[in-house]
Amino acid sequence: MTAPARLDDLERLLGDPADDGNPIGNTAVLAADERDEMFAAGERVLDEYCLNAEFVPRRYGGRLAGADDLIQVLRTVFRRDPALGLGYGVSSFISSVNVWASGSPEQARWVAGTLLSNQKIASAYHELAHGNDFSRAEFAARPQAQGGWRLTGRKEVVTNVKRARGLVLLARTDERAGSRSHSQILVDKQAVPARAIRDLTRYPSVGMRGVQLGGIEFTDCPVGDEAVVGRPGQGIETALRSFQLTRTAIPTMLAGVLDSGLRLTLDFAAGRRLYGRSVADQPEVRRLLVDAYLDLLICDSLGLVVSRALHLLPGQTSMYASAVKYLVAKRLMDAMHQLSLVLGAHFYLREGRYGIFQKLLRDLAPAGFGHAARVACLGTMLPQVPLMARRGWVNPDPAGPDLFRIGEELPELPFDRLRVSAGGLDGLVGSLTAAADQIVGDSPEQRRLRLLAGQFRAELGDLAEAGAALHPGDLGVDARVEVLGLPARYATVLAASACLNVWLVRGDGPAWVVAALDRLARSIGRPGADRGDRYREPLYQELAARHADRRSFDLSRRVLPG
Amino acid sequence: MTREPTKTGNHPRKETDMASNAEGPADLRAWLTGCVAQYLRRPETEIDPTVRLADYGLDSVYALALCGDIETHLDMRLSETLVWDYPTVDELAAHLEELVAAQQPAGAR
Ligand SMILES: Cc1cc2nc3c(=O)[nH]c(=O)nc-3n(C[C@H](O)[C@H](O)[C@H](O)COP(=O)(O)OP(=O)(O)OC[C@H]3O[C@@H](n4cnc5c(N)ncnc54)[C@H](O)[C@@H]3O)c2cc1C
């Protein structure tokens, strides 16, 4: 089945969220949230669809082929209920990528079988004492003289840890400090002695309230040698490689939250009359709506391009994935916040037509800190900046145009070729320069695009200069704020390249790309295009038309049910 | 060919800043020590070549930058996780020495 066909199936199963008569619509989603429960009716539908199959590579019997298709399918879920997206779905996605990247064929088959039979596998990395610093994790796997390992320690604030059938645990397998001291341990909870594991009490939360955040304690729990994923000591490497997929895909899936937020806000603004006119006629409201729309397109472009890069440029994605996590999460959260201003008091109410908005806003917040904090992602990128400044940002080779043909067939995800460092290669930046050279002609749009592309090239030049001048002592976790600004600005350049190149292969009208690049340029203190504002009114009209046609606001422009 | 003035611990920054492949083991070890000292902003004399870099605070991703510097210094492509697998200055220097030796054409040594 092609992606759009199976997407339509899922949309049909889930129905129109705004329809009060829909047993899996907003009203029911909100009621489950109020009870701090997972949305049971929604979980049944996802069982029926076997959502887990989206996470399982085809070679193991699942539907995972292109990462961009995976994102589109999950976005359908995140658009309705992010707690289902995480608590039914992506928690198992996060754990499984470790196994696809480094596990044995037997481990991969077990994970596939478990997921395809609608069971869950929790990803247990986090310990309250160590937060993002998972290389300090204390949960220990100790080798036994007679073979096998013994597990001792706690994992805390972990999605689904109690109800999951399987666990992927990050464990210390060597007492010494270093990057070869941890390993992932794959555990079938039904196969270990019940007395050796104990559930901790649930952690109630502000958002994602239905998601079961739990903890688990292991005491001298025996597991066999076959439980270790990859070689003992390979754990940090496995995480840094395989999480490139999840750190790219999950924030990009979450763009579905902004898509719904925009729809709700447009419903509100178009339907409400104040001072004898529609709220949507207020220029300030239009400005906020168009900004949110642009942010959605920016996030979609960068996220989908990097998701394709995982297939097409797998050695180069270590910085790109962190850039997605950093930039997309921020733009989505900021845009939702801005939309909440349009809704005013209506966003603060927990019931009624717009009651779902406050839940979407709360559920989105973990995008900023879950599965690595945004600023920690900058810290991950920073050590690569000097080498990029010497190599990748000086005349880099462009990526092929397939990188930007979203939804087009991709080679299988080459988990074995993902690398912890890009080694100074940067095809997406190469494509920025190449795209800029393709914009010839003298229309006002072409002139503005050339001007904007020039600003990003200038930014890149400045980044290369600043990056080359960095002292190595600047690259660690105590990096100064200005220094962390370098990978942040670089993420903006990547987003610009993604937007420009996606636009070039799509052949859309130029309004969105000029306005998006203008917005990105101004966000890094560049002047932007002169009179970039003139694109805003046509964009508002485009947005309103999509709203009226019940189409999604992302690049796919899908027709939605209802 | 230029060689890093290892005594002052100058850090190699430019692609052109390459050392001779014929550099001796002691030079390489001294260069590495200087390099690590720069990362940690500590005097070279405080760097014990038998202590794990992670114990000094050179964490996983941070250590990857060091690998880029070694590549530039030796003008060789290296495994990106080299610094994880040879976690002290001594181990790293010994391993690099072998790699450099293997690269020398026969009879050059
Ligand atoms: C809804 C939800 C679901 C979750 N699900 C799971 C799960 O399934 N599995 C699991 O293992 N965990 C899970 N967690 C735990 C989650 O992964 C951790 O809470 C998260 O990794 C970060 O820890 P922390 O927020 O405590 O931040 P800390 O690391 O304690 O950070 C404190 C501050 O330091 C900053 N900081 C941290 N590192 C750096 C750095 N390198 N550079 C600069 N600044 C830095 C942070 O931004 C923050 O401001 C979940 C949490 C929630 C809320």
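With a/c under 1.5 counting as rounded, go ahead and sort the stretch A:3-119 into rounded, prolate or oblate using the C-alpha gyration tensor (a ≥ b ≥ c being the square roots of the eigenvalues; past the cut-off, prolate if a/b is larger than b/c, else oblate).
prolate
Per-residue Cβ counts within 10 Å, from other chains only, averaged over A:173-180: what number is that? Before the final figure, lay out the partial values.
Numbers: counts 0, 0, 0, 4, 10, 13, 14, 6.
Mean partner-chain Cβ count within 10 Å for A:173-180: 6.
Quote the relative contact order of chain A in percent (integer), defining contacts as alpha-carbon pairs under 8 Å separated by 6+ residues. Mind dumping the intermediate values first?
Values: 1038 pairs, mean separation 80.2, N = 562.
Contact order relative to length: 14 percent.
In vacuo Debye scattering of the stretch A:391-483, one point per C-alpha: log10 I(q)/I(0) at q = 0.15, 0.17, 0.19 Å⁻¹?
Log10 of I(q)/I(0), two decimals: -0.83, -0.97, -1.07.
If the convex hull of the alpha-carbon atoms of the protein assembly as shown is projected onto planes in all directions, what is the mean projected area in square nanometres?
31.1 nm²
Provide a whole-number value for the mean count of partner chain Cβ atoms within 10 Å of the Cβ atoms in peptide A:301-312.
Numbers: counts 0, 0, 0, 0, 0, 0, 0, 0, 0, 0, 0, 0.
Per-residue shielding by partner chains comes out at 0.
Could you calculate the FRET efficiency of residue A:146 with residue A:272 from 1/(1 + (r/R0)^6), where r is the beta carbon distance between them and R0 is 60 Å, rounded to 0.05?
Approximately 0.25, to the nearest 0.05.
So if we plug the beta-carbon distance of residue A:195 and residue A:106 into 1/(1 + (r/R0)^6) with R0 = 22 Å, what FRET efficiency do we get, rounded to 0.05? Write out the running numbers ahead of the final one.
Numbers: r = 26 Å, r/R0 = 1.20.
The calculated FRET efficiency here is 0.25.
Enumerate the whole-percent occupancy of each 10 Å bin, from 0 to the last occupied one, for all C-alpha pair distances of the stretch A:122-231.
Percent of pairs per bin, in order: 15, 49, 29, 6, 0.
Can you pull the percent of chain A's accessible area that's carbon plus sulfur, 1.4 Å probe, other chains left in place?
Here it works out to 52 percent.
Using a simple spin-label model with points 7 Å from Cα along the Cα→Cβ vector, what separation in nm is obtained for residue A:440 and residue A:471?
Inter-label distance under the simple model: 4.9 nm.
Could you work out the relative contact order of the stretch A:122-231? I mean the mean sequence separation of Cα pairs under 8 Å and 6+ apart, divided by the number of residues, in percent.
31 percent
What average count of beta carbons from other chains do you get within 10 Å of the Cβ of residues in A:464-470?
Taking all residues of A:464-470 together, the mean is 1.
Counting other Cβ atoms within 10 Å, keep those with at most 16, restrict to DSSP loop, and tell me which trypsin sites (Lys or Arg not before Pro) in the stretch A:292-350 are left. Spell out each step's value before the answer.
On the way: sites: A:308, A:325, A:330, A:331, A:350; in loops: A:350.
Sparse-neighbourhood loop trypsin sites (Lys or Arg not before Pro): A:350.
In nm, give the distance between the simple-model label positions of residue A:409 and residue B:45, each being 7 Å from the Cα along the Cα-to-Cβ direction.
6.8 nm
Give the separation of the Cα centroids, the stretch A:411-486 to the stretch A:271-317, in Å.
So the two Cα centres are separated by 22 Å.
Label points 7 Å out from Cα along the Cβ direction at residue A:523 and residue A:41: separation in nm?
Calculated label separation equals 3.7 nm.
If the chain between residue A:219 and residue A:20 were fully stretched, how many nm would it gain, using 0.36 nm times the residue separation less the Cα-Cα distance? Could you put the intermediate results ahead of the total?
Details: separation 199, 0.36 × 199 = 71.64 nm, distance 4.84 nm.
Length difference between fully extended and current span is 66.8 nm.
Interface B/A, total buried accessible area with a 1.4 Å probe, nearest 100 Å²?
2500 Å²
The values are calculated or read from the model by the stated rules, or taken from the named source; none is laboratory data. As the structure is a computational prediction, the values presented were derived from the model and not from experiment. Methodologically, a virtual Cβ is constructed for each residue, glycine included, from the backbone with ideal geometry; neighbour enumeration extends over all protein chains shown. Heads up: the accessible areas ignore ligands, DNA and RNA and are worked out on the full protein's heavy atoms, side chains in. Shrake-Rupley method; radii C 1.70, N 1.55, O 1.52, S 1.80 Å.
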